[in-house]
1. Given the condition surrounded by fewer than 20 Cβ atoms within 10 Å (Cβ to Cβ), under 13 Å from the mean Cα position of the chain (by Cα) and under 19 Å from residue 102 (Cα atoms), answer yes or no: does some residue in segment 19-27 qualify?
2. Quick one: count up the residues across segment 45-62 that are in contact (Cβ under 8 Å) with a residue 24 or more places away in the chain and over 13 Å from the mean Cα position of the chain (by Cα).
3. Out of 53, 8, 71, which single residue is in a helix (DSSP H, G or I) and at pLDDT 95 or above?
4. Across segment 82-117, what is the total count of residues that are touching a residue at least 24 places away in the same chain (Cβ under 8 Å), surrounded by 14 or more Cβ atoms within 10 Å (Cβ to Cβ) and assigned to a helix (DSSP H, G or I)?
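The values are calculated or read from the model by the stated rules, or taken from the named source; none is laboratory data. Quantities reported herein were computed from a predicted structural model and do not represent experimental measurements. Neighbour counts run over all protein chains shown; Cβ positions are idealised from the backbone, glycine included.
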């Protein structure tokens, strides 16, 4: 029996996540797919069905709050937990209202990122 490692889709168009965040997730057995283009991620969600989506807010083609709203209003993807990251703590309330499991304010470290991701996936 093969056990599939949880998949985390990251859409950070500014590539501002510290590299050690990816390494921390991979070191704990998670698979990572980086898709900075939010419309592309949205088009691939049915095929990917990740265990978690991490998105930043600002993007030239679609902002992270729009992505979050699209994910949460689609029957097939509405149950996927989403963590929103931003430089602007004032956007937390809107992200949570739209269904984000968690909101991280930059800067943050790999340990905080890992704990937030795991908490979002387990619902704790």
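1. Our first condition is that a residue be surrounded by fewer than 20 Cβ atoms within 10 Å (Cβ to Cβ); within segment 19-27, this holds for 19-20, 22-24, 26-27.
The next check asks that each one be under 13 Å from the mean Cα position of the chain (by Cα); those that pass are 22.
Of the ones still in play, those that are also under 19 Å from residue 102 (Cα atoms) are 22.
Yes, that holds for at least one residue.
2. Step one: filter segment 45-62 for residues in contact (Cβ under 8 Å) with a residue 24 or more places away in the chain, giving 45-46, 48-62.
Next, from what is left, pick out any that are over 13 Å from the mean Cα position of the chain (by Cα): 46, 48, 58-62.
So the answer is 7.
3. Working: 53 fails: in a helix (DSSP H, G or I); 8 fails: in a helix (DSSP H, G or I).
Going through 53, 8, 71 in turn, just one is in a helix (DSSP H, G or I) and at pLDDT 95 or above: 71.
4. 8
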